[in-house]
Amino acid sequence: MRTLLVVDDDERLRSLLAEYLGERGFRVETAPDGEAGLSTLKNGGIDLVILDVMLPGKDGFEVCRAIRASGDKVPVVMLTARGDDTDRIVGLEIGADDYLPKPFNPRELLARVQAVLRRADAPGGGGSGKNTIISAGPVDIDTDRRTASLDGVIVELTTTEFEILRTLVANAGKVIPREDLMSLARGEEWAAFDRSVDVHISHLRKKLKDDSKTPALIKTVRGVGYTMPRSR
């Protein structure tokens, strides 16, 4: 049974989500604010965090930053204000794996949670018991251990960032359509105006020390998608 942590100051919403998700096979823990949420995370055993942006004390952004700063790669789905693109973009930039605007349909939240967990659980490659390494330029991906490194130094990535980078590296030399990467970033097809992939690509470039103005690693093919160079 997978364990979810719901961090939201709305007691009624916490109760409703605990009941709804609990009836669908999840163990659900809840926290009314950021400090309580971080304390619960430190105890371990959490598989995914559902995190509201508007929290008393530490807001959702601060909590997400604290989670990532600690090195914890637990997937995070943020709940944002409807129509507020800034909240959504900032959430992705600081390491959230997905977002959902309020108010939302619990079924959609369940679908998002399941999609993010599937990405987190995605098998490496090979299944031979040996580490499988794929490379593109100075970037190496260990598909078994699900780690990425730049010039031999491990780069900390979120689940979604890892999946996007793994796809680009595995297809080095080819242009990956933006729609295909959007499917990885959001778990399903999304309209072309959705900026989720753009934000994840921007975040990846920063982590890979790739100049966003003249990128050498993740290149944009205007009107089509993204590509990475083959290893030399």
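Just so you know, all these numbers are worked out from the coordinates, no wet-lab data involved. As the structure is a computational prediction, the values presented were derived from the model and not from experiment. Because the Cβ atoms are built from the backbone with ideal geometry, glycine has one as well, and the counts that use them run over all protein chains shown.
A Förster radius of 30 Å, combined with the Cβ-Cβ distance separating Val224 from Arg24, puts the computed FRET efficiency at roughly 0.20.
Quick one: in segment 133-227, what % of C-alpha pairs are over 19 Å apart? Percent of Cα pairs beyond 19 Å in segment 133-227: 34. Multiplying the residue separation of Glu179 and Leu16 by 0.36 nm and removing their Cα-Cα distance gives an extension gain of 55.3 nm.
Using the Cβ-Cβ distance between Asp59 and Glu108 with R0 set to 22 Å, the FRET efficiency from 1/(1 + (r/R0)^6) comes to roughly 0.45.
Within the shell of other residues whose beta carbon sits under 9 angstrom from the beta carbon of Ser149, the net charge comes to -3, with Lys and Arg scored +1 and Asp and Glu -1. Each of Ile46, Ile164, Ile218 has some number of other Cβ atoms within 10 Å of its Cβ, and from fewest to most they run Ile46, Ile218, Ile164. Relative to the current alpha-carbon distance between Lys42 and Ala81, full extension at 0.36 nm per residue lengthens the span by 11.3 nm. Legend: translational diffusion of segment 1-87 by Stokes-Einstein, Rh = Kirkwood radius over C-alpha pairs, 25 °C, 0.890 mPa s; D = 189 µm²/s.
Over the chain, how many percent of alpha carbon pairs lie in each 5 Å bin up to the one with the longest distance? Each 5 Å bin holds this share of Cα pairs: 1, 6, 14, 19, 19, 16, 12, 8, 4, 1, 0, 0.
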